[in-house]
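Read through the structure below, which is laid out as structure tokens, and then see the notes.
The values are calculated or read from the model by the stated rules, or taken from the named source; none is laboratory data. Bear in mind that the values here come from a model prediction, so they are computed numbers and not experimental data. Note: ideal-geometry Cβ built from the backbone for every residue, glycine included; neighbour counts use all protein chains shown. Areas reflect the complete protein model, heavy atoms only, side chains present, ligands, DNA and RNA absent. Shrake-Rupley method; radii C 1.70, N 1.55, O 1.52, S 1.80 Å.
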Amino acid sequence: MDRDQSILLGRELLADNKTDIALALARALIARDPQDPDALVLMAAALQQSGKHKEARKSARDAFTASTTEHQKYESAMLVGRSDFHGRAYMRSQYWLRRAAQAAPDPQARQAAERNFRYVKRVNPLRLRFSAGVKSSSNVNGGTSADTINLFGLPFQINQGSRALSGTEYALDFDLRYRLAQTKKGETALTAEMESRTYSLSSDSRRKAPNARASDYSFQRMEVGLARRFTPGSGKGVYEIAGAVGRIWYGGKTTSDYTSLSLSHGFQLFPATGARLSFSVDRQIRHNSAARAAYVYELEGQVAHEFSNKDRMIFLGSLKQTDADVSYIRNTALSADLIYSMAKPVFGVRFSPTVGLEQRRYPDDIYQNTSRRDLTKRLGIAASFDNVEYLGFSPTLHVEFSDTESNVSIHERQSLDVFLKINSRF
């Protein structure tokens with residue numbers, strides 16, 4: 001037999017569970033050519049079938065390094081991922097299954113890699129999600145769009161540093177969940193979140209406000225918590241109760257600490273329509289002003305419907321009440337957002353338009369002796385480029401315009417944001 005016939009025979013032997021003969025044949029092929037990727041794949045498969053997963057992983061890694069075709073890379077990456085799974089190295093297994101999906105020679109092979117990835121993800125006690133993005137914004141500092149403000153009937157010019165400044169935002173978010181215990185009815189998990197926003201100012205902003213520093217607007221948040229997710233005896237929906245503690249930094253300085261407690265319930269309204277309700281209470285302690293400490297109560301609702309063409313429509317609504325000793329901190333906020341997510345791409349791009357409204361009411365204002373009313377309108381669209389992909393990650397371009405009207409002019413602001421994010425597709 002020549003080399004190709006030997007490889008084919010070895011695969012047939014594995015299919016007939018004649019592992020020892022297939023392993024001997026693979027060793028003979030590797031002795032002739034230690035860099036033969038097909039022989040190394042045969043060796044890895046035979047070792048894996050024998051339960052020798054550590055040795056199988058090494059052979060599969062060697063096969064991936066020696067691979068010259070997408071099919072060879074796909075098979076060797078799948079074998080590495082499977083060996084890591086048996087070794088309980090779940091995160092590493094997910095990484096190699098992403099590499100297998102990247103190298104898949106056809107749609108069926110890719111579906112198999114994605115299916116294995118999702119299975120490992122379910123088994124893995126650690127779930128790690130992250131997103132990174134860059135945003136060009138006309139208002140990185142949340143500044144006012146007004147030129148002047150009236151104080152006690154007199155007009156005052158607003159400092160340029162308090163007006164809207166354009167620039168670039170750099171975002172990085174992490175969300176970690178580690179399963180501590182699991183039963184048929186639920187699980188208990190340790191949670192952690194990290195959120196970071198840093199900025200650079202445009203040359204126009206530096207010219208207008210030479211004393212403004214981009215580092216003054218940086219924002220970081222970190223929290224750790226514990227969550228219990230469970231299904232009651234009736235089996236109707238999923239409940240989750242969670243608690244967390246966190247800290248917020250603004251401009252490089254510790255701004256506040258918070259403690260939160262939340263309860264949520266997800267359930268099906270109809271076969272193609274799901275809903276989720278949640279209630280949360282936050283206690284916020286301000287480091288720079290004890291009087292500005294607050295309790296925040298929030299009720300949120302979400303309804304998601306999937307159409308026959310797989311398009312999805314999502315409605316989000318919330319009612320938030322902030323209570324504080326300082327009158328200009330107290331407020332009531334009512335918001336609603338509508339998202340339409342297309343399932344099929346148009347010229348390789350999937351679009352998701354969004355519209356949103358938010359109304360805030362304050363009993364008092366720091367600048368004027370009057371109650372304050374803000375109305376924010378949002379309009380945006382997201383474009384997901386599914387054809388541009390690496391290891392299961394694809395870019396999404398977001399464009400959003402927001403406009404806030406207020407009866408106190410200094411709180412009026414506009415912002416046009418264009419940002420690019422990298423998200424996982426599976």
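A few comments on the model shown:
- Any hit, the range 287-295, residues being within 30 Å of Pro125 (Cβ to Cβ) and out of contact with any strand residue (DSSP E or B) (no Cβ under 9 Å at 6 or more places or on another chain): no
- Scanning the range 354-379 for residues that are assigned to a strand (DSSP E or B), surrounded by fewer than 17 Cβ atoms within 10 Å (Cβ to Cβ) and out of contact with any Ser or Thr (no Cβ under 9 Å at 6 or more places or on another chain) yields one hit, Val355.
- Residue in the range 220-241 that is of a type outside the set (Ser, Thr, Tyr) and under 30 Å from Asn159 (Cα atoms) present: yes
- Considering (1) more than 18 Å from the chain's Cα centre (by Cα); (2) closer than 30 Å to Tyr90 by Cβ; (3) not charged (D, E, K, R), the lone condition that Phe174 does not fulfil carries the number (1).
- None of Ala291, Ala244 is aliphatic (A, V, I, L, M), in a helix (DSSP H, G or I) and open to solvent by less than 80 Å² (accessible area, probe 1.4 Å) except Ala291.
- The listed residues are Arg129, Arg179, Arg122, Arg197, and the only one of them that is more than 18 Å from Arg413 (Cα to Cα) and touching a Pro at 6+ places or on another chain (Cβ under 6 Å) turns out to be Arg179.
- Every residue from the range 74-88 that is closer than 19 Å to Ala101 by Cβ and surrounded by fewer than 22 Cβ atoms within 10 Å (Cβ to Cβ): Phe85
- Subset of the range 398-412 that is open to solvent by 70 Å² or more (accessible area, probe 1.4 Å) and over 27 Å from the mean Cα position of the chain (by Cα) - its residue that is nearest to Leu357 (Cα to Cα): Glu405
- Checking Ser280 against (1) part of a loop (DSSP other than H, G, I, E, B); (2) within 30 Å of Pro353 (Cα to Cα); (3) open to solvent by less than 40 Å² (accessible area, probe 1.4 Å), the condition it does not meet: (1)
- Any hit, the range 199-218, residues being within 22 Å of Val281 (Cα to Cα) and either of a type in the set (A, V, I, L, M, F, W, C) or at pLDDT below 95 (or both): no
- Considering residues of the range 133-147 that are of a type in the set (A, V, I, L, M) and at pLDDT 90 or above only, the residue surrounded by the most Cβ atoms within 10 Å (Cβ to Cβ): Val140
- Neighbours by Cβ (under 7 Å, 6+ apart or cross-chain): first from the range 243-262, under 17 Å from Tyr199 (Cα atoms); second open to solvent by less than 40 Å² (accessible area, probe 1.4 Å) and of a type in the set (Ser, Thr, Tyr): Ile248/Thr255; Ile248/Ser256; Trp249/Thr255; Gly251/Tyr217; Gly251/Ser218; Gly252/Ser218
- Test result for Arg228, within 30 Å of Val303 (Cβ to Cβ) and surrounded by fewer than 16 Cβ atoms within 10 Å (Cβ to Cβ): yes
- Scanning the range 171-193 for residues that are buried (at least 16 other Cβ atoms within 10 Å of the Cβ) and without any contact (Cβ under 8 Å) to a residue 40 or more places away in the chain gives a single hit, Ala192.
- Within the range 313-339, the set of residues being over 11 Å from Tyr295 (Cβ atoms), outside any strand (DSSP E or B), touching a Lys or Arg at 6+ places or on another chain (Cβ under 9 Å) and open to solvent by less than 60 Å² (accessible area, probe 1.4 Å) comprises Val326 only.
Conditions (1) part of a helix (DSSP H, G or I); (2) touching a strand residue (DSSP E or B) at 6+ places or on another chain (Cβ under 9 Å); (3) open to solvent by 30 Å² or more (accessible area, probe 1.4 Å); (4) farther than 20 Å from Glu389 by Cα, marked per residue:
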| position | (1), (2), (3), (4) |
| --- | --- |
| Gln35 | no, no, yes, yes |
| Tyr95 | yes, no, yes, no |
| Ala101 | yes, no, no, no |
| Ala109 | yes, no, no, no |
| Glu114 | yes, no, yes, no |
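- Residue match in the range 339-351 (condition: in contact with a helix residue (DSSP H, G or I) (Cβ under 6 Å, 6 or more places away or on another chain) and either touching a residue at least 40 places away in the same chain (Cβ under 8 Å) or not polar (S, T, N, Q) (or both)): no
- Summed over the range 172-213, the residues that are more than 24 Å from Asn139 (Cα to Cα), among the basic types (Lys, Arg) and in contact with a Phe, Trp or Tyr (Cβ under 6 Å, 6 or more places away or on another chain) give a count of 1.
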